[in-house]
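Novice: I have a structure I would like to understand better, so I am pasting it below and will then ask my questions one at a time.
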Amino acid sequence: MGKMTGKTAAVTGANSGMGLVTVVELAKLGAHVVMICRSRERGEQALEQAKKQSGSSRIELMLCDLGSFASIKAFAAAFKQKHARLDVLVNNAGVVSLKRQLTADGHESQLGVNHLGHFLLTHELLEPIKQAPQGRIVNLSSGAHKAGKIHFDDPTLSKGYNVVKGYAQSKLANILFTKELARRLADTHISVNCVHPGAVATNIGVDRNTGFGKAVHRLLKPFFRTPLEGAATAIYLAASDEAAGLTGHYLIDNKIVATSSKTTNPELAHRFWTWSEKQVGLT
Ligand SMILES: NC(=O)c1ccc[n+]([C@@H]2O[C@H](COP(=O)([O-])OP(=O)(O)OC[C@H]3O[C@@H](n4cnc5c(N)ncnc54)[C@H](OP(=O)(O)O)[C@@H]3O)[C@@H](O)[C@H]2O)c1
């Protein structure tokens, strides 16, 4: 892994699972790491943990709810006040929602948080990323994208909601976004890639208010990867010298994996990009 001294990295969903271990590993490599979290309480606890585990004090907490465009804009403004340059952005946060829920802006929560939140966040941070000699954007997708479809006719899934339909749509969205953004940034120093981390024992799918889902996780834990094993490919893309030249790819276990035609269809990617811009108010 390349040394990251003098570099700044930002990680969303940094208080839990793969986000937290990514923070720790990037801090160990010498990066200044910004933990982007929605809950001050969970964020502060994780900040202490990350400092202890990495032995670094160059880690800071900033708050941002990816389910609210206003929160994302306020976060980005605060970030840009403090940091002129961002070397690495890991768009890691994600929700799995058993029940249909809407974000503050009225989008189905998984598409809203996992995709649209990161879509807007990335746009808001492009200026400081452009200041980095070799900016890197890493998006956490999933093999679940294979079951996904972009429901242009009913993007909030008001008819026939189920968790797989919603989560898979959002994870397909992560790949379409990665490929289209990489195309749009082809003549810059910025690389954009996404990963499938495997099945990983984290808090994914656990209801933060009720704890529902924890028992299932305990049962499955022995069969799943640890958060560090799961985060390895995202960390590789964020920090290794080897990955410096890669852009527009989907990786599993540090290897580029070919994806199905629905993820490589430029017309679909373009249509979805235009739709996303409209949703977040960029047009
Ligand atoms: N675990 C797996 O098997 C697996 C497989 C494939 C892909 N992935 C992907 O890997 C990524 C990391 O997931 P994980 O497994 O590490 O899950 P996790 O332990 O549940 O962590 C998810 C993180 O996202 C944050 N988050 C959720 N909603 C948010 C919002 N509205 N605004 C800001 N942050 C928000 C959570 O914050 P709170 O703690 O405050 O809720 C938490 O920090 C996700 O994108 C997921 O889709 C996971």
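Novice: In whole percent, what relative contact order does the stretch 60-130 give with Cα contacts below 8 Å and a gap of six or more residues?
Specialist: Once normalised by length, the contact order is 43 percent.
Novice: Any chance you could list the semi-axes, whole Å, largest first, of the equivalent ellipsoid that the Cα gyration tensor gives for the stretch 1-156, using √(5λ)?
Specialist: One finds semi-axes of 26, 17, 15 Å for the stretch 1-156.
Novice: Ordered by packing density, taken as the mean number of other Cβ atoms within 10 Å over each peptide's residues, highest first, how do 194-202, 252-260 rank?
Specialist: Ranked by mean Cβ neighbours within 10 Å, highest first: 194-202, 252-260.
Novice: OK, next. Work from the charge dipole of the stretch 8-280 (Cβ charges, +1 for Lys and Arg, -1 for Asp and Glu, about the Cα centre) and give the residue of GLY230, GLY30, ASN209 farthest towards its positive end.
Specialist: Most positive-ward Cα: ASN209.
Novice: Explain nothing, just the number: dipole magnitude of the chain about its Cα centre with +1 on each Lys and Arg Cβ and -1 on each Asp and Glu Cβ, in debye rounded to the nearest 20.
Specialist: Roughly 360 debye, rounded to the nearest 20.
Novice: Can you sort MET18, MET4, MET35, MET62 so the residue with the fewest Cβ neighbours within 10 Å comes first?
Specialist: If I rank by nearby Cβ atoms, fewest first, I get MET62, MET4, MET35, MET18.
Novice: For Cα pairs less than 8 Å apart in space and 6+ apart in sequence, what is the mean separation divided by the residue count of the chain, i.e. the relative contact order in percent?
Specialist: That works out to 18 percent.
Novice: Which whole-number percentage describes the relative contact order of the stretch 111-260, with Cα contacts under 8 Å and a sequence gap of 6 or more?
Specialist: Relative CO of the stretch 111-260 lands at 27 percent.
Novice: What order do you get for THR210, THR274 when you list them from fewest to most C-beta neighbours inside 10 Å?
Specialist: THR210, THR274
Novice: For the chain, what are Rg and Dmax over the alpha carbons, in angstrom?
Specialist: When restricted to Cα atoms, the chain yields Rg and Dmax of 17.3, 50 Å.
Laboratory data are not the source of any read-out in this text; all were calculated from the coordinates shown. Everything numeric here is computed off the predicted structure, so don't read it as measured data. FYI the Cβ positions are ideal-geometry reconstructions off the backbone, even for glycines, and counts take in every protein chain you see.
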